[in-house]
Amino acid sequence: MKNVYDVLSERGYIAQCSHPEELRELLGKEKITFYIGYDPTADSLHIGHYVALMTMAYMQRAGHTPIVLLGAGTAMVGDPSGKTDMRRMLTAEELDHNAACFQSQMERLLDFSDGKAIIANNAEWLRPLNFLEFMRDIGSLFSVNRMLTAECYKQRMERGLTFFEMSYMLLQSYDFLELNRRYGCVLQMGGDDQWSNILNGADLIRRKEQKPAFALTNQLLLTHEGKKMGKTEKGALWLDKTKTSVYDFYQYWRNVDDADVETCLRLLTFLPLEDIKGMVAEGGAALNEAKRTLAYTLTAQVHGEEEAAKAQKAAEALFGGGGDMEHVPTVKLTAADVEATGLRVVDLLVVSKLCPSKSDARRMIQGGGVSVDDEKVEDVAACVDASKLGDGLLLKKGKKGFVRILGA
């Protein structure tokens, strides 16, 4: 079997590695235990987490044992990396709930049966910590001068950085040490914005335990222009279908920029590299088909084959002139909804979440970007015909926003 380090490298996952030659040799001759941490600050993962999940899946398929570390302990502090302000502190109950949601989403990609993967929660060892003992045993090994050179802290110095937040690096490093002692974990992986935190954890084990430990970061999911991918008009692209509908998830990938298709296929799917290169090499119609493959494959990985097929049929009904409207995103109006909205198009745009506010809806209508059943709406006071709610009306915003409006 091919060394998984080479697989990750060829597909473009690896950003930085602390001891690349030593780690590659180890991965080629032994089955190791490794971990990635996820702070449950929301009740769903989003697409930004997915590259790290894919690296875990590739490692597991190569025979290595992943530890999913749910950070219900560290999330009580909040990682300052990439943040301009201090995070809102969540309660222990909120964090535990979010951690459970994460696990259910990860099970689509990772195999947790028969000890093939480990779920750990750092609240188990962080919440009972004795402050003085921790600072004596762990804090004494960290140089404040060195910590302040880390990018995650430098960018916060002008706005203010609390000692509370500075402790995050110590706690994450301690997680690695604890997992090393409990499970023999020798590798921490994560996004490249976590490099300083991950590297310090590996250094702590090497200093404290006098044993090898490794840090490896994966590339962040960025567009060809260097911007974070996964931002939509409605916010983040969530893996929870109640936050981002399956149709919207599918359509996001169906509409990615041509220049980003190959990167997305490499980082977000298990399709062989030679197949990916073949799909994108020709351009034109072949590249359009590659987008279709990306959208279906990734949606199936996240939501299952059945949901992916429904989303694809909905897209074909709207854009391809085929299929039916059954699977198009639908809003069913109750009698109370009809009365409250008066079936005004402005209100329906907000109820359907095509527009975030009535003012935005009015601007869209005035700009000529709204239609009902392919007829442009020109009057901001326009209402739809109640008699047509039985069969459903197609409300459209711009080129890509659609929702089917039905009566109860």
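The values are calculated or read from the model by the stated rules, or taken from the named source; none is laboratory data. Small disclaimer: the values here were computed from a predicted structure and weren't measured. For neighbour counting, all protein chains shown are included, and Cβ atoms are generated from backbone atoms with ideal geometry for every residue, glycine included.
Per-structure values
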{"item": "Verdict on Ser9 being more than 17 Å from the chain's Cα centre (by Cα) and either of a type in the set (A, V, I, L, M) or surrounded by fewer than 19 Cβ atoms within 10 Å (Cβ to Cβ) (or both)", "result": "yes"}
{"item": "Test for Thr334: is it assigned by TED's automatic domain parsing to the domain that holds Ala381, within 21 Å of Asp385 (Cβ to Cβ) and surrounded by fewer than 17 Cβ atoms within 10 Å (Cβ to Cβ)", "result": "yes"}
{"item": "Qualifying residue in the range 98-112 (condition: part of a helix (DSSP H, G or I), more than 18 Å from the chain's Cα centre (by Cα) and surrounded by fewer than 16 Cβ atoms within 10 Å (Cβ to Cβ))", "result": "no"}
{"item": "Residue that is modelled with the lowest pLDDT [pool: residues in the range 210-246 that are assigned to a strand (DSSP E or B) and of a type in the set (S, T, N, Q)]", "result": "Thr232"}
{"item": "Check on Lys358, farther than 14 Å from Phe402 by Cβ and in the same structural domain as Gly401 (by TED's automatic domain parsing)", "result": "yes"}
{"item": "Complete set of residues in the range 268-320 that are more than 23 Å from Ser245 (Cα to Cα) and among the aliphatic types (A, V, I, L, M)", "result": "Leu271, Leu273, Ile276, Met279, Val280, Ala281, Ala285, Ala286, Leu287"}
{"item": "Residue list for the range 14-60, restricted to those being charged (D, E, K, R) and touching an Asp or Glu at 6+ places or on another chain (Cβ under 9 Å)", "result": "Arg24, Asp39, Asp43"}
